[in-house]
Structures are given as C-alpha cells and as structure tokens.
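The values are calculated or read from the model by the stated rules, or taken from the named source; none is laboratory data. Keep in mind the model is a prediction, meaning the values are calculated, not measured. Here the Cβ is made from the backbone with ideal geometry for all residues, glycine too, and neighbour counts use every protein chain on show. Just the protein is used for accessible areas: all its heavy atoms, side chains included, with ligands, DNA and RNA removed. Shrake-Rupley method; radii C 1.70, N 1.55, O 1.52, S 1.80 Å.
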Amino acid sequence: MAPRGSGLDWRGCALATPPGWDWPSAGCPPARPLDMASQLRLRSALALVTGAGSGIGRAVSVRLAKEGATVAACDLDRAAACETVWLLGGQGSEKVAPGGAHTAFQADVSEAGAVRRLLEQVQACFSRPPSVVVSCAGLTRDEFLLRMSEDDWDRVIAVNLKGIFLVTQAAAQALVSSGCRGSIINISSIVGKVGNVGQTNYAASKAGVIGLTQTAARELGRHGIRCNSVLPGFITTPMTQKVPQKVLDKVIGMIPMGHLGDPEDVADAVTFLASEDSGYITGASVEVTGMRPSWGGRGQRSGTQMIRESR
Ligand SMILES: CCCCCCCCCCCCC[C@@H](O)CC(=O)SCCNC(=O)CCNC(=O)[C@H](O)C(C)(C)COP(=O)(O)OP(=O)(O)OC[C@H]1O[C@@H](n2cnc3c(N)ncnc32)[C@H](O)[C@@H]1OP(=O)(O)O
Ligand SMILES: NC(=O)c1ccc[n+]([C@@H]2O[C@H](COP(=O)([O-])OP(=O)(O)OC[C@H]3O[C@@H](n4cnc5c(N)ncnc54)[C@H](O)[C@@H]3O)[C@@H](O)[C@H]2O)c1
C-alpha cells in the first residue's frame, strides 16, 4: 500500500491531484462547500468506467467525478487510465469522495479472468461493488463485408459485445450478492440500429449490446439494478479520427445540427442514466446523435435534447 499522502494509489498509480499539488505539505484538497455537495447527483457513488483512458470514457469519468462519484477508471492501456485519474483533479481525495480516491485499473474486458479480477480488485480497493457501471471500452476494425477477415470480425465482437457481457455479468453478480442497487450503462452506437457501410462487425456488436442490455434490464429490475444503452452518433474522439474525410463529409451533411458531437454530449446522457433522475428508466436506448431518432424521425427530440430539457 502506498504511504498515505504520497499521492499514489494502492497500485502505485498517480492519485487524482491538481497539477502542482504538494501532498505532504498541503494535506488533502479543500472539501467542497456543503451546498455544492448537496447538489451532487452522484455523491458517495462508486463508478466503474471501462475504456476510461480515452474519448467518451474519459469524458464520462470526468463528468461522474464532477457529480461527486468516486471513479474506478479501467482501460486496456494502464497509462491512459492513470492519466484520466490524474485529470480528475483533487476531487478524489478521501475528504471529498467518501468512497476513497479515484483509482486506475488495467484490464482487457474481452478476457473473462481479467474482468473477474477487475471486479475483485475494485471491491478490495473500495470495500463495496460499483453502484454505477459504464462500459465504454470498444474498438473498430472497419472493412467492406466482401473483404472482412474472420479475425476482424472476432476481435470486434470479443471486445464490443462479449466485453460488455462479461462486465455487465460480473458487476451484476457483485451487486446482487451484496444486496446493492445499481445503474449499468452500456455504450452501443446508432450504427447498431441503422447499420453503416464498412461496419458489419461493429454494427452487429452494437446491435447485440442493445439486445443484451434490454434483457439484462428485464432480469435485474427485481434486484433494483437498472440497465440502459446509449447510442451515440459521430462523436469527435480518436476512434473517429480514422474515418476517411470524404466519409465524414458525407455523414455530417446528414446531421441536422450540422456537426459531430463531443464526448461531453454523451457524458451528459450517461450521467442522467447513472443518477436517480432516471430512477424509473430501464431497458431504454438513448440516442445522442444530433439527429432526430432513427436518423430523421419526424417530430421527435434527440436524446441530448431530452437530457438538456430535463435539467
Ligand atoms: C438514412 C440512413 C442513413 C444512415 C447513416 C448512417 C451513418 C452512420 C454514422 C456512424 C456514427 C457512429 C459511428 C460510431 O459508432 C463510431 C465509429 O464507428 S467511427 C468509424 C465509422 N466507420 C465508417 O463509417 C467506415 C468508414 N469507411 C472506411 O473506413 C473505409 O471506407 C473502408 C470501409 C475501410 C474501405 O476503405 P477503402 O479504402 O477500401 O474504400 P474507400 O474508403 O475509398 O471507400 C469506397 C467508397 O465507399 C464510400 N464509403 C466508405 N465508407 C462509407 C460510409 N461509412 N458511409 C458512406 N460511404 C462510405 C466512400 O465514400 C467511397 O465512396 P466513393 O467511391 O464515392 O469515393
Ligand atoms: N466516437 C464515436 O463516434 C462513437 C459513436 C458511437 C459509439 N461509440 C462507442 O463509444 C465507446 C468509446 O469510444 P471512443 O470514441 O471514446 O473511442 P476511443 O478509441 O477514444 O476509446 C476507446 C477506449 O477503449 C479502450 N479499449 C479498447 N479495447 C479495450 C479492451 N479490450 N479492454 C479495455 N479497454 C479497451 C481503449 O484503450 C480506449 O481507451 C466505444 O464503445 C465506441 O464503440 C463511439
């Protein structure tokens, strides 16, 4: 165990501290004024975020921490997860986050043993299961169907679909055995609903996430565990930076709001679903696309618009 005040967590990862914060002399970062604490929707929640090292997962981690959650930031890339914990600033000190400091974890979500160990480590670190679980870990291996390799199919299904099965199952088992309520949010994609050229593997994985989450919602509701999917459209992250510009130009032309979304737009929807503000919502698929649902449905608001109006 790293010495208290060393600025390092139990694994030796950098604890969330503001740049230049000198732990030994400065003590813990100042606690928030009480009135702000009372406004925090996720005060005392422990949130496990996979894919927390980049893009949407990093934005989700930052947003949940701002709402008072303690974040267990997991990624295949340990250094990236540690960087996210660092970015969470001093909000993770024990003074402010009752559940303990934000902490980084490394795991490959497509491996059952790694996911089992991840949940064991999180519970050992915080003495409780995560009550909020957000699966953002994912990847693309785009190619036309006529040319797609079996390996490209297998890897995308293993991470994007099996990974969410493993994390959802392990988290639900921990919550049910401890009698705790929870909110599980799985990041799918609008592609899982409408398909996309060059993405038979990815679209299948994301469609599977929707069906998995709807079924989990039916089974886990009796345990007080809600399960919902978020379906982002094109969001500006490293994942979309690989898309040929001519394709981006085509798709942007179809987006009524005329621009790609930001990771923070997705984090808004995730935070709503993580909090009691969505206490009677489960099995839902919230689209965050800058478009009307189904890419042009008439007279409906997008998920982002609904979230913003609910504030
Ligand atoms: C009314 C219903 C509308 C439905 C619209 C659906 C839009 C979906 C938007 C997706 C939002 C969510 C994405 C999110 O989940 C995160 C990601 O998945 S980001 C990655 C998204 N990936 C793609 O969109 C695939 C992009 N394409 C490629 O990577 C390559 O084209 C590839 C498939 C690898 C093939 O490469 P290759 O060099 O062999 O061919 P070209 O790139 O030259 O492409 C040949 C022609 O095909 C056109 N093309 C390719 N992909 C798309 C596409 N996704 N949508 C439309 N057209 C596409 C490309 O423009 C070329 O056309 P042309 O010959 O006219 O130049
Ligand atoms: N960016 C978009 O336009 C968009 C749209 C819809 C859905 N999504 C989904 O949102 C999620 C996050 O995407 P992003 O755009 O932030 O991508 P990103 O590439 O920026 O981040 C993905 C993160 O997942 C991690 N990861 C990959 N494989 C992993 C594994 N096996 N185990 C653990 N971690 C792993 C990566 O290291 C990375 O940090 C993905 O599931 C993606 O499919 C993205």
Tell me, which residue of the stretch 48-75 that is of a type in the set (A, V, I, L, M, F, W, C) and over 15 Å from ASP268 (Cα atoms) is surrounded by the fewest Cβ atoms within 10 Å (Cβ to Cβ)? LEU48
Take the residues in the stretch 188-202 that are among the hydroxyl-bearing types (Ser, Thr, Tyr) and either part of a helix (DSSP H, G or I) or free of Cβ contacts under 8 Å to residues at least 60 places away in the same chain (or both); name whichever of them is nearest to ligand 2 (Cβ to nearest atom). SER189
Of the residues in the stretch 269-289 that are surrounded by fewer than 20 Cβ atoms within 10 Å (Cβ to Cβ) and among the charged types (D, E, K, R), the one that is nearest to ligand 2 (Cβ to nearest atom) is ASP277
Could you check, for the stretch 184-193, whether at least one of its residues is open to solvent by 20 Å² or more (accessible area, probe 1.4 Å), over 16 Å from GLN123 (Cβ atoms) and within 14 Å of ligand 1 (Cβ to nearest atom)? yes
Is it true that some residue in the stretch 107-121 is more than 16 Å from ligand 2 (Cβ to nearest atom) and touching a Gly at 6+ places or on another chain (Cβ under 9 Å)? no
Between LEU175, LEU146, LEU161, LEU220, which is out of contact with any strand residue (DSSP E or B) (no Cβ under 9 Å at 6 or more places or on another chain) and away from ligand 2 (no atom under 13 Å from the Cβ)? LEU146
Of the residues that make up the stretch 149-166, is at least one of a type in the set (Phe, Trp, Tyr), open to solvent by 10 Å² or more (accessible area, probe 1.4 Å), over 18 Å from the mean Cα position of the chain (by Cα) and closer than 25 Å to LEU42 by Cβ? no
If we keep only residues of the stretch 101-142 that are charged (D, E, K, R) and open to solvent by 30 Å² or more (accessible area, probe 1.4 Å), then the residue farthest from ligand 1 (Cβ to nearest atom) is ARG128
In the stretch 236-275, the residues that are touching a helix residue (DSSP H, G or I) at 6+ places or on another chain (Cβ under 6 Å), away from ligand 1 (no atom under 14 Å from the Cβ) and of a type outside the set (Gly, Ala, Ser): GLU264, ASP268, VAL270, THR271, PHE272
Have a look at SER229, SER205 and point out the one that is in a helix (DSSP H, G or I), open to solvent by less than 20 Å² (accessible area, probe 1.4 Å), within 16 Å of ligand 1 (Cβ to nearest atom) and not β-branched (Val, Ile, Thr). SER205
Within the stretch 115-147, the count of residues that are under 15 Å from ALA47 (Cβ atoms), among the charged types (D, E, K, R) and not in a loop (DSSP other than H, G, I, E, B) comes to 0
Somewhere in the stretch 172-182, is a residue under 16 Å from the mean Cα position of the chain (by Cα), under 19 Å from VAL230 (Cβ atoms) and not in a helix (DSSP H, G or I)? yes
Verdict on GLY113 being within 13 Å of the chain's Cα centre (by Cα) and at pLDDT 95 or above: no
